[in-house]
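In what follows, a single structure is set out as structure tokens and then discussed.
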Amino acid sequence: MSRTEYAERIASETDANWHAQPLEHLYEALDSSPDGVSDEEASTRLERAGPNEVKAESGISPLQILIDQYKPALIWVLLVAAAVMAFVGHWIDAGVIAGVVVFITIFGFLQDYRAERSIQALEDMSTRYAVVRRGGEKKEIDARKVVPGDIVFVESGDIVPADARLIEESNLSVDEAALTGESAGVSKSVGEVNTDVALAERKNMLYKDTVVQRGSGIALVVETGPQSEIGQIATALEEAEDRDTPFQAEMDRLGKLIAVGVVVIVSIIGITELVVGDTPPLQVFLTAVGIAVSAVPEGLPAVVTLSLALGARRMAEQNALVRRLPIVEALGSVDVICTDKTGTLTEEEMTVTRIAANRETYEVTGSGYDTEGEFRLDDDPVETDRIAEVLRCGLLCNNVDIGTRERDGSDEHGDTERTYLGDPTEIALFVAAQKAGFEHDELDAEYPRIGEVDFTSARKRMTTVHETPDGEPIAYMKGAPETVLERCDNELVDGEVVELTGDRRDEIEAQQESFAEDALRVMGFAYRPDVPEDLADSPDESLEDSMVFLGLQGMLDPSRPEVPDAIAGCLDAGINVVMITGDNAVTARAIGEEVGLRSSTVITGPELEEMSDDALSDAVDDVDIFARTAPDHKTRILQMLQAKGHTVAMTGDGVNDAPAVKNADVGVAMGIRGTDVTEQASDIVLLDDNFATIRDAVKGGRRIFDNVRKFVNYLLSGNGGEVTMIFTGTLAGLGLVITPIQVLWINVVTDGIPALSMGVDPPAEDIMEREPRPPDEGVITKRIVTSVIGIAAFMTICLLPIFTLNYYGDVIPGYDVTGSLLGWRPGYEPSRELAQTMVFTGFVVFEIVRIQAIRFRYGLGLFSNFWLVGAVALAGVLQLLVLYTPTGQLLFDVEPLSLVHWLQIGVAATVFASLMALFVVLQDRYFDRY
């Protein structure tokens, strides 16, 4: 039986309603029992069902990564150019071009492969083991070998290994945010539920890759790998097509445009030469080849690839792992960032900051899970006696477990630190009690738990029963303030139980609202000292009658300290920041105000569902907070923003966030909280889950785009000059004014090295003060097009006279005298080689002048980039080696230049610089700065 047939058989026998079937039916359908399956049967099932793993888009083979490097059209233009050069016997030229292609593809392959391996390393950090019962024996196995029919055991802190139906549970609560987007833990229970309930309401089911917050459970595995709920989402993502970034599309268009341009120019010259000239066909062909070589910017793909890779390396050092090189450029055009709140804008460490008890309000200092802090009343430190009971309640009515983990950078002796396992809200209560001097182990021994009424989403509260040091039972309750108050008749004030009047209830509710308006999550606390023996032995909801109200604790997930500045920087850069959170509107608005979002307008998930597309389209540009949202709301918000022409970066961590992350212009996954599926759907993984890292990545993207635009301008204008010069010289009957190998040397070496150094140019001072680049504005703008045309004309105007002067120098009056004084040889004969050498060297000098002219527009001085200074110096040294060494003269067919030749080039370069300066003034009147 094949894997597909096996899955279909199981599905047909259960109708896939695992939550609605009697357990006996599931045991029968899965050929299992409470003892699980045997090891032999498990091996057979593993072969049929396949490994219990989800590989969304992570199965890209190294060969496929290498093949992808050959997709750009410009690579094929270079390959054709190399083939033509080899065909005409120019093996050195062909070898250089082929070497450039090999370098580009290998470097691109290594970068993409390294990114994929980094993602795999993140996956390998997740839990890979599961505890199962097989043949009645409990054992730990590789989680990938879990099969349908296995009996699995889970407890606090575990990652659920597969979709499973609960058999037994004890106070089990699971964080299913990765799958459903619901931030609150889900209490689980044994028993069937209705067929048509939503996934989030299937309380008797556990789902793969969700996290156990507290308690323990035993469950029957029903689905594994791709058949699990998370696996089906991953499979759907695999079927979605990857979209090229605008930069990839533009580079592809550029490659095709160059190919077409080469064919057109070569055809025109070839036909003209054959029709009106007397040049032999072979020479015409060689001329055409020379023009073709000059038209192709051989160094451009290499410089683009290296620049993107260097940018990706810098971003990785800032905790942003780039999975696809071209996306680095796309960051520069982002004008909306849709971000999660918890862990991205905030610390994801709930902290009790305010306590209301004894009809007074206390401030609590300290943050996160640090137990250092003090309690203040009216800014003065106070003893905790008056609030001890509410703190004791928070610690005893609590299911947090304490564990240990290895410290970062620990030595070989295994230095460890304490860690907390459980719901963040309960951890905050746990830590607050510790600040007051309570120790969990001591208090637990003094007040041992003897019973419990579980928390459920319907009840919104939990109650535990303990035995006091006097041997009497006592009950403690915590929960949503409104649900706690409704069970209370009295209140504890200064150690005395007093009646809880209607006016006092109103005061408590007003205080709760005040806490919430300050972005605090509020919980109420109560106790019952006179617990009847029968309820202590068998507690139920009647235990919660006649409770005594103790007070409120307000806790905050504080914003990261660097986030307000990061958001302010984004807003200054014209980038709107939109917070999308599952928290309530009051908390979301308070956090939004704290971190500096643009407005306080909030739309909730239910309101969003009621809105038409037209209404949402009208509102989406003015709303920067969406609260109480589900993961599918993210996709709708994203699509509406994109429909309005925005370039959107979308963050996500849960499995259901993956579609929105994948379809965003820049998908950003959380490296700490994120699931494997979301990471695989993303373009960038934040290794620190920090919003400030997104801001830094956008700045890095803008910097890279500026640098790409600079060297594209530089290389295309240089190549345009070469094409125009050769084209004009050919039509003027001068033949080749520069040889193909000389052009190749300029394009790859003396152009390529300085262009590459521009990839590490520092950012312009105004880089985060500009508006985002319009999404339809590519690297090549109208200004760059005019620059290419203008610079090509200026180069030709300045260099063609030099070629003519040195080719026909014997007709100039006074030649012998001038030549003798300035270094020309007496009796000089016309020399094409010398004239070509002058043009060859002139191009090198002109393009060194050109590179600083381009950078000056970005406010960058000559010495702002040490690498560029070195690159220009190296290019100059290499050119001198070509001119003045026997090997260079032989390979490039050049003659050494004398002082008069350098003076000619210097005068021409001065004229060229002056023409460029005048041209820039003219451009500034009609085009944007860049």
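The values are calculated or read from the model by the stated rules, or taken from the named source; none is laboratory data. Everything numeric in this text was worked out from a predicted model, so none of it was measured. For neighbour counting, all protein chains shown are included, and Cβ atoms are generated from backbone atoms with ideal geometry for every residue, glycine included.
More than 29 Å from I427 (Cβ to Cβ), in contact (Cβ under 8 Å) with a residue 12 or more places away in the chain and surrounded by 17 or more Cβ atoms within 10 Å (Cβ to Cβ) - does that describe any residue in the stretch 551-572? Break it down into steps so the answer makes sense when it comes.
Let us first name the residues in the stretch 551-572 that are more than 29 Å from I427 (Cβ to Cβ), namely 568-572.
Those still in the list that are in contact (Cβ under 8 Å) with a residue 12 or more places away in the chain too: 568-572.
Imposing the further condition that a residue be surrounded by 17 or more Cβ atoms within 10 Å (Cβ to Cβ) reduces the set to 569-570.
Yes; the residues of the stretch 551-572 include at least one that is more than 29 Å from I427 (Cβ to Cβ), in contact (Cβ under 8 Å) with a residue 12 or more places away in the chain and surrounded by 17 or more Cβ atoms within 10 Å (Cβ to Cβ).
The residue list L556, L550, L543 contains one member that is modelled with pLDDT of 85 or more and closer than 30 Å to A697 by Cβ, which is L556.
So that you can scan it fast, the table gives a plain yes or no per residue for (1) part of a loop (DSSP other than H, G, I, E, B); (2) closer than 25 Å to A568 by Cα:
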| site | (1), (2) |
| --- | --- |
| L331 | no, yes |
| V352 | no, no |
| S367 | yes, yes |
| G373 | yes, no |
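Within the stretch 660-674, can you find the residues that are at pLDDT 80 or above and assigned to a loop (DSSP other than H, G, I, E, B)?
A664, D665
Of all the numbered requirements in (1) within 46 Å of the chain's Cα centre (by Cα); (2) surrounded by fewer than 19 Cβ atoms within 10 Å (Cβ to Cβ), L899 misses one, and that requirement is (1).
Could you go through the stretch 858-877 and let me know if any residue there is part of a helix (DSSP H, G or I), under 24 Å from I726 (Cβ atoms) and in contact (Cβ under 8 Å) with a residue 24 or more places away in the chain. Working first, answer last.
Keep residues of the stretch 858-877 that are part of a helix (DSSP H, G or I), which gives 866-877.
Among the residues that remain, those that are also under 24 Å from I726 (Cβ atoms) are: 875-876.
Checking which are in contact (Cβ under 8 Å) with a residue 24 or more places away in the chain leaves us with 875-876.
Among the residues of the stretch 858-877, at least one is part of a helix (DSSP H, G or I), under 24 Å from I726 (Cβ atoms) and in contact (Cβ under 8 Å) with a residue 24 or more places away in the chain, which makes the answer yes.
Quick one: which helices (runs of 4 or more DSSP H) lie wholly within the stretch 677-792 and hold at least 2 residues that are modelled with pLDDT of 80 or more and either among the polar types (S, T, N, Q) or closer than 30 Å to T210 by Cα (or both)? Spell out how you get there, then give the answer.
On the way: elements: 691-731, 740-745, 752-758.
Answer list for the stretch 677-792: 691-731.
Which is over 16 Å from C393 (Cα atoms), modelled with pLDDT under 90 and not small (G, A, S), of E486, E513, E509? Step through it out loud before you land on a result.
Details: E486 fails: modelled with pLDDT under 90; E509 fails: modelled with pLDDT under 90.
Matching residue, one of E486, E513, E509: E513.
Candidates G403, G394, G368, G409: the one that is modelled with pLDDT under 85 and touching a Leu at 6+ places or on another chain (Cβ under 7 Å) is G403.
Looking at the stretch 617-659, which of the residues that are part of a loop (DSSP other than H, G, I, E, B) and in contact (Cβ under 8 Å) with a residue 60 or more places away in the chain is farthest from G592 (Cα to Cα)?
Out of the qualifying residues, it is G645.
How many of the residues in the stretch 425-449 are among the basic types (K, R) and within 27 Å of D557 (Cβ to Cβ)? Residues meeting the conditions: 1.
Yes or no, residue by residue, for (1) in contact with a Ser or Thr (Cβ under 8 Å, 6 or more places away or on another chain); (2) modelled with pLDDT of 90 or more:
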site	(1), (2)
T818	no, no
G823	yes, no
Y828	no, no
R832	no, no
V839	no, yes
G842	no, yes
L868	yes, yes
A873	no, yes
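Condition (residue is at pLDDT 75 or above, loosely packed, with under 14 Cβ neighbours inside 10 Å and part of a loop (DSSP other than H, G, I, E, B)) applied to the stretch 75-85: is it met by at least one residue? No, the conditions are met nowhere in the stretch 75-85. Scanning the stretch 694-753 for residues that are within 43 Å of the chain's Cα centre (by Cα) and among the aromatic types (F, W, Y) returns F705, F711, Y714, W745.
Tell me yes or no: at least one residue of the stretch 660-673 is touching an Asp or Glu at 6+ places or on another chain (Cβ under 6 Å) and free of Cβ contacts under 8 Å to residues at least 40 places away in the same chain. Steps first, please.
As a first pass, look at the stretch 660-673 and keep what is touching an Asp or Glu at 6+ places or on another chain (Cβ under 6 Å): 666-667, 669-670, 672-673.
With the extra rule that they be free of Cβ contacts under 8 Å to residues at least 40 places away in the same chain, the set shrinks to 667, 669.
Taking every residue of the stretch 660-673 in turn, at least one turns out to be touching an Asp or Glu at 6+ places or on another chain (Cβ under 6 Å) and free of Cβ contacts under 8 Å to residues at least 40 places away in the same chain.
Residues that are of a type outside the set (G, A, S) and surrounded by 22 or more Cβ atoms within 10 Å (Cβ to Cβ) were ranked within the stretch 346-361; the one that is farthest from D454 (Cα to Cα) is T346.
Residues of the stretch 595-616 being in a helix (DSSP H, G or I), among the small types (G, A, S) and surrounded by 16 or more Cβ atoms within 10 Å (Cβ to Cβ), which ones? Spell out how you get there, then give the answer.
Filtering the stretch 595-616 down to residues in a helix (DSSP H, G or I) leaves 595, 605-610, 613-616.
Still in the running and among the small types (G, A, S): 605, 615.
G605 - this is the single residue of the stretch 595-616 that is in a helix (DSSP H, G or I), among the small types (G, A, S) and surrounded by 16 or more Cβ atoms within 10 Å (Cβ to Cβ).
Which of the residues spanning the stretch 434-443 are touching a strand residue (DSSP E or B) at 6+ places or on another chain (Cβ under 9 Å) and part of a helix (DSSP H, G or I)? I'd like the intermediate steps shown before the answer.
In the first step, residues of the stretch 434-443 are kept if they are touching a strand residue (DSSP E or B) at 6+ places or on another chain (Cβ under 9 Å); the result is 435-436, 440-441.
Listed by number, the residues that qualify are K435, H440, D441.
In summary, R528 fulfils each of the numbered conditions (1) under 26 Å from T342 (Cα atoms); (2) surrounded by 17 or more Cβ atoms within 10 Å (Cβ to Cβ); (3) of a type in the set (D, E, K, R) with the single exception of condition (1).
Do any helices (runs of 4 or more DSSP H) entirely within the stretch 1-71 hold 1 or more residues that are within 41 Å of the chain's Cα centre (by Cα) and at pLDDT below 85, and if so, which?
Working: elements: 3-14, 23-29, 39-49, 62-68.
Once the helices (runs of 4 or more DSSP H) in the stretch 1-71 are filtered for at least 1 residues that are within 41 Å of the chain's Cα centre (by Cα) and at pLDDT below 85, what remains is 3-14, 39-49, 62-68.
When the stretch 376-400 is examined, which residues are found to be of a type in the set (D, E, K, R) and either assigned to a loop (DSSP other than H, G, I, E, B) or farther than 14 Å from L443 by Cα (or both)? Result: R376, D378, D379, D380, E383, D385, R386.
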